[in-house]
1. Would you calculate the volume per residue, in Å³, of the smallest convex hull containing every Cα atom of region B:44-118?
2. Relative to the longest principal axis of chain B, what angle (0 to 90°, nearest 10) does the C-alpha long axis of helix B:3-20 take?
3. Place a label point 7 angstrom from the Cα of residue B:381 along the Cα-to-Cβ direction, then list the residues of region B:334-365 whose backbone nitrogen is under 13 Å away.
4. For helix B:290-299, what angle does its Cα long axis make with the longest principal axis of chain B, in degrees from 0 to 90 and rounded to 10?
5. Once you've got the GNM for chain A with C-alpha springs shorter than 10 Å, pick whichever of A:235, A:106, A:207 has the biggest mean-square fluctuation.
6. Per 10 Å bin, what is the whole-percent P(r) computed from every C-alpha pair distance within region B:432-521?
7. Could you tell me the convex hull volume per residue, in Å³, taken over the Cα atoms of the protein assembly as shown?
8. Pop a pseudo-label 7 angstrom from the Cα along the beta-carbon direction at both residue A:303 and residue B:174 and give the gap in nm to one decimal.
């Protein structure tokens, strides 16, 4: 088990390095110059060149990458061009917000999706099932941008029971978390239903009923555990992606998260921020995948990691 | 004049009248402003974006301030109360400073402070983003405690207006030296009506009233600035009452607010200063011929664009300067005349038109896609097939700033703001030394205009200067290095409980009037 963990962690480091290099190279092929974008309209050529030099952008690509790697080894992710703050500080200021939103959204999505999916799986083709699947289709197809704005209009403008945007209190979390949660619930509901249907037709389920067990026991103790693996995989992937920040929801609700910050950095070509944020996302995603894989071992005793 | 313009004018007059009805301002309340972006850094020297700088100016003020109405005099006293150009040496401007003013940390505001701040801006070691806009300043001399001499490299008529340009703000020298250039943003100390409290990244900036402000304690207790990037969200926040002020409201929503007073929102329309035009690369193919360029101007119906897309809230562009600028004259208006356009094209050798590519960066300017599509349609009518290529803003900028040898730009849609309302920055870019990487992506060059630009810069007599600038405007409009379209309207919205809020022609909240802004309840 320990060997497996060490292997995975080394692999994560390798992935992180790969992402850094890839991001670094790719960024410089995209047209756009932060010096031009930040300096004012009437900036002279000499001034723009001076700004580029100040930010280390005049050095050859390889030198820039070497500097970036050396700083990285010292735990320094560089300094934001737009704000002059250390990138690490900028990320730390926003990552918790993104995590809170991701957790809240996933929680809402998992609880409602799992519940709806289990019920549907147990009563396939019933009215409840058809209704749930129809709603799930709706949830998957609804663009979060539109849905978020609709929720905002209803709860913040028309009924004035919730704040329209920003962060700071639990009330601020409700609308963005629900907007995220509905989409997630839809995906998880469908996945759960499919998994449950698959498991419920297995011979050991028939045996369980034959033993005289109650439906709730059969479902919760026998069927669900076996159905969980694909559901956990999907949840893990969704959560990992959300940790990258749901840009659309963060933008619509003015949620101070990492996703929105990364997109803004891309628009202003704030290279240090883009590199740093992509590195963090990559590491976080790899880490979440590791947790998901380890969870398999907990749920399914047949899976062992050497 | 469209009905919308009439209603807006009536509303503005009514609200001014109501204000004058003697409702007494009350102290208290927190004004909440919704901005489109988070302020990148709370230091004017390193911050970009006029709305952001406008917030910073509530804390750190300017020596001079542009008249928010865009009327005369263009430049108003700020922390400098009077100024004159030396008669012996026109390179020297003498500024007389406001007395009895202190920075928020108690440091006195005086000539030494002015010298410190200007030197901080122009010193290359500082790395100020707007350094080259103040590069004409060679030296600053302290004459006495409240008198300062600013010496420019060549005589510079526009200096008082240039000092009002937002990136220059007076900060406490003590505090800058204490925290260092790069960290000053963490705890700025200015002379303004509001003091900086905190900046929670991505969430809010909090300012509180300066009890010892030189013009009296502001009515407001505090100001909160929240970034709400999405326009629809920002408007909903305004309608929900979560914010009091929203910038850059689309005309359709402005119309809704005016038609539905029960929503409790007032529309503000400060005068325009941004010139919106389709730049033409005058070194490329058909555009080398002035007749072709003029033809394009006759081919587009600007009145229709102004009436139908902008609901009559602005006027067509008839000068390279905006109507609010010093020395503006309505130099030449190309009325809609497709017949004349076709005739000119034929005369120039393009009876069947030609193909051309138009680049633009959608989302930057109000209703830009609608305007570009309208222009495309008008040009098609005279045989010009326009291929519209939208680009992400940074990519678009990169394209525009390519040199003549590298560029593939033929036409582009752009807006040029004029925050100083002065010809120096307004027509200065129509010269060869502004060729890319400068602003002049039209690669326009007229030796006569070039010479006149130099002359107007040094002119010491204002009326003589305006005569020179008049000639420049006429020449440029005649040369038509662009399709002159319109001046971008400024439309902002505030909740009715906000009283006496003035948004300037510069798009900033007026830093001198904010002290008088108050909240009804």
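Rule-based calculations on the coordinates, nothing more; no lab input. Note that the structure is predicted; figures quoted are calculated from it, not measured. Every residue, glycine as well, gets a Cβ built from its backbone with ideal geometry; the counts of neighbours run over all protein chains shown.
1. So the per-residue Cα hull volume is 132 Å³.
2. On a 0 to 90 degree scale, this one is about 10.
3. The answer is B:335-342, whose backbone nitrogens lie closer than 13 Å to the label point.
4. Approximately 80 degrees, to the nearest 10.
5. It is A:207.
6. Calculated P(r), rounded to whole percents: 13, 27, 25, 19, 14, 2.
7. 191 Å³
8. It is 6.5 nm.
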